[in-house]
Amino acid sequence: MISLSDFNHDHSPHSIAVSVKNLSLTYTTSIEKKPTLKSRLKSLGRGKKHTRVVHALNDVSFDVNYGSVLGVIGSNGAGKSTLMRVISGIVPPTKGRVEVYGSVSTLLALGVGFNPSMSGRDNVYLGGLAAGMSSQEIDKNFEAIAAFSELGEAIDAPMRTYSSGMFARLAFSVAAVVEPDILIIDEALSTGDAKFKEKSLNRIKELRSADRALILVSHGLATVENICNEVIWLNRGEFMMRGEPAEVIAAYRKFVNAKKNAVTDEDV
């Protein structure tokens, strides 16, 4: 069950922004195996379908307080993105409940509402409206968005002509002007050049305040340690650990037998 509470919150550093209680998500996926020549002759070419039950999250509980930046780490398939989608209200949980106290903005899929055939300028409006901004707010913030993206005259070119880095820069620039109570960022910094990545990190640091809660999902352990003041670690849908960034990251590295190196410390 997902509950959104819009009552007046004091947003003090100790007040709860997000409460996750006994959260589980199970889904069934269908796998169709390609038939061999022999089996195709036997079944007239029809492949057999096999179903598999996936426990994406299993009895996960934690709170996120206002004034905190929570990092979420774990290997691929750990359930990190699934958890963010449940918190955001995109996917309903199988069991448990999520209570959100305030407005939520997500960077789960940068530029998901963009139209490649339209110009970057037009897509700023599409993306802004999708993020909950009014057209007046976008008008007011357009120059700041364009300047942050550093696209120059390319802002008026069709987005199908953009590189992946240009696309990511514009998408993050639109999202960066939204200042919600709760901001969820899932791998938003994994694309773009090093200079823009640093600029994006600095923008996230600016958003850290006592009246806002941030949740950052990333494979970049150095980024998580640099920005977050708390980290939780998930493994195959199970809640493994929560604590100080350095402590949790050290335990995670030991678990995956990965030494601190350039590969694990950068966003991949």
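Please treat every number below as a calculation from the coordinates, not as lab data. These numbers come from a predicted model, not from an experiment. Heads up, the Cβs are rebuilt from the backbone with ideal geometry, glycines too, and the neighbour counts pull from every protein chain shown.
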At 7 Å along Cα-to-Cβ for each site, give me the label-to-label distance between residue 253 and residue 76 in nm. 2.3 nm
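Sorted by mean Cβ packing within 10 Å, highest first, what order do the peptides 245-252, 82-89 take?
Averaged packing, sorted descending, gives the order 82-89, 245-252.
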Quick check: pseudo-label points 7 Å beyond the Cα along Cα→Cβ at residue 157 and residue 16, how many nm apart are they? 5.0 nm
Note down the net charge around residue 169, summing +1 for each Lys or Arg and -1 for each Asp or Glu among other residues with Cβ under 11 Å from its Cβ. +1
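Take the alpha carbon gyration tensor of the range 134-228, find the square roots of its eigenvalues, order them as a ≥ b ≥ c, and report rounded if a/c is under 1.5; if not, report prolate when a/b exceeds b/c, else oblate.
oblate
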